[in-house]
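Chemist: Got a structure for you, questions after.
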Amino acid sequence: MPFWLEIVINVAFSYIASVGFAITINVPPRALNSLGISGAVGWMAYWFCFHLGMGRMVSNLIGAFLIGILGLFFARRKKCPATVFNIPALVPLVPGMPAYQAVGALVAGNYTLGQELILRVAIVTAAIGLGFLFSTMCIEAFYRIKYRHLKKIMLYRKRKR
């Protein structure tokens with residue numbers, strides 16, 4: 001399969017997965033396209049990083065970081081809470097298959113494989129949480145710096161008059 005076709009398929013299905021989940025949880029229609037874009041960007045960041053050999057943890061961290069940044073950006077733009085954009089956009093990154101396999105291994109009595117898969121799910125989940133934490137910290141720092149800069153400009157203009 002050509003590389004460009006893999007990219008098109010991944011973008012399309014990650015967009016559809018994000019929007020489809022958003023529809024099931026009754027997200028406002030004005031937010032659907034934006035959260036679909038956010039989900040596709042996050043998944044493609046994960047996909048490219050994973051294919052570059054960065055591993056699941058770092059790839060999920062970068063994908064969640066971008067979803068968090070885009071979620072906060074779209075929240076300001078569309079005047080909706082950020083969770084409206086973040087939660088459905090995360091659906092492509094959720095480690096569903098390893099969680100399913102872990103439960104299957106534990107039920108079958110293969111405890112070592114089950115523990116290994118649970119650890120993989122926990123690491124990916126922690127990476128997603130850290131990605132959101134870092135994105136929120138970066139955006140808040142950006143707006144604090146922007147606010148301080150604007151405040152200094154206003155003070156300078158007042159003194160100049």
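Chemist: Evaluate the charge dipole of the stretch 58-156 about its Cα centre and quote only its size in Debye, nearest 20, assuming +1 on the Cβ of each Lys and Arg and -1 on the Cβ of each Asp and Glu. Walk me through the numbers on the way to the answer.
Modeler: Values: 10 positive and 2 negative charges, 184 e Å.
Result for the stretch 58-156 is approximately 880 debye, rounded to the nearest 20.
Chemist: Sticking with this structure for a sec: When only the heavy atoms of the protein chains count and the probe is 1.4 Å, how do Phe73, Phe21 rank by accessible area, highest first? Kindly include the intermediate steps, with their values, before the conclusion.
Modeler: Numbers: Phe73 105, Phe21 75 Å².
Per-residue accessible area, sorted high to low, gives Phe73, Phe21.
Chemist: Limiting things to C-alpha atoms, what are the Rg and the maximum Cα-Cα separation (Dmax) for the stretch 1-70, in angstroms?
Modeler: Looking at the stretch 1-70, its Cα Rg and Dmax stand at 12.7, 37 Å.
Chemist: Please compute the contact order of the chain in relative form: average sequence separation of alpha-carbon pairs under 8 Å and at least six residues apart, divided by the residue count, as a percent. Please report the intermediate quantities before stating the final value.
Modeler: Numbers: 188 pairs, mean separation 38.0, N = 161.
With pairs under 8 Å counted, the relative contact order is 24 percent.
Chemist: Compare Val27, Val107, Val91 in a GNM of the chain, Cα atoms joined below 10 Å, and give the one with the largest fluctuation.
Modeler: Of Val27, Val107, Val91, the Gaussian network model singles out Val107 as fluctuating most.
Chemist: Based on the alpha-carbon set only, what is the convex hull volume of the stretch 34-136 divided per residue, in Å³?
Modeler: Working: hull volume 8.7 nm³, N = 103.
Once divided by residue count, the hull of the stretch 34-136 is 84 Å³.
Chemist: How far is helix 32-51 tilted, in degrees, relative to the longest principal axis of the Cα atoms in the chain, given as a value from 0 to 90 rounded to the nearest 10?
Modeler: The angle comes out at about 60 degrees.
Chemist: Could you work out Rg/(2.2 N^0.38 Å) for the stretch 60-106, with Rg from alpha carbons only?
Modeler: That ratio works out to 1.47.
Chemist: To the nearest 10 degrees, how steeply does helix 3-24 sit against the main Cα axis of the chain, on a 0 to 90 scale?
Modeler: 80
Chemist: Here is a further query. Select from Ile67, Ile123, Ile37 the residue whose mean-square fluctuation is largest in a Gaussian network model of the chain (Cα-Cα springs shorter than 10 Å).
Modeler: Ile123
Chemist: Taking Cα atoms, how many degrees apart are the long axis of helix 55-78 and the longest axis of the chain, rounded to 10 and kept between 0 and 90?
Modeler: Approximately 40 degrees, to the nearest ten.
Chemist: Per residue Cα convex hull volume for the stretch 32-72, in cubic angstrom? Intermediate results must be reported in sequence, preceding the final value.
Modeler: On the way: hull volume 1.7 nm³, N = 41.
Residue-normalised Cα hull volume stands at 42 Å³.
Chemist: Could I get the Rg over Rh figure for the stretch 91-161? Both from C-alpha atoms, Rh via Kirkwood, rounded to two places.
Modeler: 1.50
The values are calculated or read from the model by the stated rules, or taken from the named source; none is laboratory data. A quick note: this is a predicted structure, and the numbers were derived from the prediction, not measured. A quick note on method: Cβ atoms are made from the backbone with ideal geometry, for glycine too, and the neighbour counts reach across all protein chains shown. We work out accessible area using only protein heavy atoms, side chains counted, and drop any ligands, DNA or RNA first. Shrake-Rupley method; radii C 1.70, N 1.55, O 1.52, S 1.80 Å.
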